[in-house]
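Working notes, beginning with the structure itself.
The values are calculated or read from the model by the stated rules, or taken from the named source; none is laboratory data. A quick note: this is a predicted structure, and the numbers were derived from the prediction, not measured. Backbone-built Cβ (ideal geometry, glycine too); neighbour counts: all protein chains shown. For accessibility, only protein heavy atoms count, side chains too; no ligands or nucleic acids. Shrake-Rupley method; radii C 1.70, N 1.55, O 1.52, S 1.80 Å.
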Amino acid sequence: MTRMTRARIPTLGPRVPTLDTRKVKPPPKLADPHYQTAEHKNWAEQVKRRAGWRCEYVEDGVRCERSRELGDQMYADHIEEVRDAPSKALDLSNGHCLCASHHTRKSHQARAARMSR
Ligand SMILES: [Zn+2]
């Protein structure tokens, strides 16, 4: 007498297929808390002061002429972004002063580069 009778218990699968939402949803856009710190504000001030409050963007050997003196808003930008190189977040050599349009352009390029990785 070796025959085993196995009760057939129907297994209930999940009724709703589970999705890996990590692949579907983009990450929430949270401002990096680093930008709120006094250390960052001090770093930004030093970067802009060092640049003479002028945009440091150089294109075809010509430096951008925008400056605070001419009424442009200046931004201290991380050459290697904080999320890419957190250890360089407060490194003055990792900062440059940019006008709004060059800051926007550079941020977009960095994001595109990050997406392509
Ligand atoms: Zn510029």
| note | Over the stretch 37-115, with neighbouring protein chains present, the accessible area per residue in Å² at probe 1.4 Å is 62
| Going highest first, how would you order 57-64, 102-109 by mean Cβ packing within 10 Å? | 102-109, 57-64
| field | Inter-label distance, nm, simple model (7 Å from Cα along the C-beta direction), Arg111/Asp60 | value | 2.7
| field | Distance in nm between pseudo-label sites at Leu70 and Thr104 (7 Å out along the Cβ direction from Cα) | value | 1.6
| note | Length gained if Asp32 through Leu92 is fully extended, taking 0.36 nm per residue and subtracting the Cα-Cα distance, is 19.7 nm
| task | Let me know the shape class of the stretch 37-115, please: from the alpha-carbon gyration tensor, a ≥ b ≥ c as square roots of the eigenvalues, rounded when a/c is under 1.5, otherwise prolate if a/b is greater than b/c, or oblate. | result | oblate
| remark: Taking 0.36 nm per residue of separation between Glu80 and Arg50 and subtracting their Cα-Cα distance, the length gained on full extension comes to 9.0 nm
